[in-house]
Amino acid sequence: MGRRILILGGTSEARGLVKGLLDEGLHDVTLSLAGALGDGTEASFRDRLKKTDLSRLYIRIGGFGGPDGLSAYLQTEAIDLLIDATHPYAAQISHNAHQAANRCQIGFVRLERPAWEPLAGKSWIEAKDLNDAATCIPQGARVLLAVGRQSAKPFQARTDCHFLLRSIAPANVVDFGGNFSFCQAMPGKTIEEEIQLLQEKEISCLVTKNSGAKRSYHKIAAAHALGLDVVMIKRPILPDCRIFNNLDTILDWLKG
Ligand code: NAP
């Protein structure tokens, strides 16, 4: 039977799920985007799914106003399944969603990319959060900071280091200090591209979140190939719920 599904998105997983559900045509689907630049605005979402008929998809943009606002939305729209397909570091919305789904007594599941794992013999300095990562960086390092511009602040205290902040969205490096430079770019498409950047900029340390995305792994493979330090920021703890690690499994489950 068709369900009314709300997908919390902003990731390629959410995009894949929307496409899969629309292709099947069994359910009413609404996609929610936070609306911040870089998290998948409606225009970029539609552009990336050009070949899919999006006429049956409703896209809503912007915050709900915490768990209360989200609960009210779920009730008004008679949503019966909430799927959290947000980025693994978007912890606030995941906790809000869990709380709201419980309150409204509707189904709640999560679609999540598996995390990257350390490789034997390769550098992998695990940091518990952004502040901890800032203290883990070796003295005087030249750092490729691949954490997103909104997560760069804790690194300002490390005036002994130089930071190349790479971000998809624009950032004003003047806000961060003289030891920051900025590169507005997507992650490199190949290991070779990433090696070239690391060598050109004389990078000695990579700091990254454990996003688990295939495309963003090239920077880690490149840092490993050059024997650089890798500081990996652990994923935040997310609500306890059923988790699907791949698209086919969640689509099969939704057919049942
Ligand atoms: P967050 O800290 O968990 O959420 C902050 C607030 O933004 C939430 O309380 C909620 O506002 C609103 N929000 C977040 N995701 C939303 C969504 N899909 N639909 C509607 N409102 C949403 O999130 P964040 O880390 O800022 O990430 C924002 C978005 O960017 C997420 O959708 C995430 O999937 C995507 N993203 C995040 C990262 C990252 O590294 N964090 C990377 C890539 C993409 P209200 O409380 O008002 O409802």
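Scan (1) within 16 Å of the ligand (Cβ to nearest atom); (2) more than 17 Å from the chain's Cα centre (by Cα); (3) in a loop (DSSP other than H, G, I, E, B) for the single condition Ala100 breaks and write down its number.
The number of the failed condition is (3).
Collect the residues in region 48-74 that are more than 15 Å from the ligand (Cβ to nearest atom) and at pLDDT 80 or above, keeping them in residue-number order.
Scanning region 48-74 gives Leu49, Thr52, Asp53, Leu54, Ser55, Arg56.
With the structure loaded, tell me whether Ala115 is of a type in the set (A, V, I, L, M), closer than 30 Å to Leu206 by Cα and part of a loop (DSSP other than H, G, I, E, B) or whether it fails that test.
Spelling it out, Ala115 is indeed of a type in the set (A, V, I, L, M), closer than 30 Å to Leu206 by Cα and part of a loop (DSSP other than H, G, I, E, B).
Within region 150-175, which residues are within 20 Å of Leu198 (Cα to Cα) and part of a helix (DSSP H, G or I)?
Correct list: Phe155, Val173.
Any chance you could count how many residues in region 65-92 are in contact with a strand residue (DSSP E or B) (Cβ under 6 Å, 6 or more places away or on another chain) and on the phi < 0 side of the Ramachandran plot?
9
Residues Thr86, Thr52: which one is surrounded by 20 or more Cβ atoms within 10 Å (Cβ to Cβ) and touching a helix residue (DSSP H, G or I) at 6+ places or on another chain (Cβ under 8 Å)?
From the options Thr86, Thr52, the qualifying one is Thr86.
Out of the residues in region 222-256 that are loosely packed, with under 13 Cβ neighbours inside 10 Å and hydrophobic (A, V, I, L, M, F, W, C), state the one that is nearest to Leu145 (Cα to Cα).
Ile237
How many residues are surrounded by fewer than 17 Cβ atoms within 10 Å (Cβ to Cβ) and of a type in the set (A, V, I, L, M) when one looks only at region 94-124?
3
Of everything in region 6-33, what is within 14 Å of the ligand (Cβ to nearest atom) and in contact (Cβ under 8 Å) with a residue 60 or more places away in the chain? Give them in sequence order.
Leu6, Ile7, Leu8, Gly9, Gly10, Thr11, Ser12, Glu13, Ala14, Gly16, Leu17
The values are calculated or read from the model by the stated rules, or taken from the named source; none is laboratory data. In this text, all values refer to a predicted model and were calculated from it rather than measured experimentally. Because the Cβ atoms are built from the backbone with ideal geometry, glycine has one as well, and the counts that use them run over all protein chains shown.
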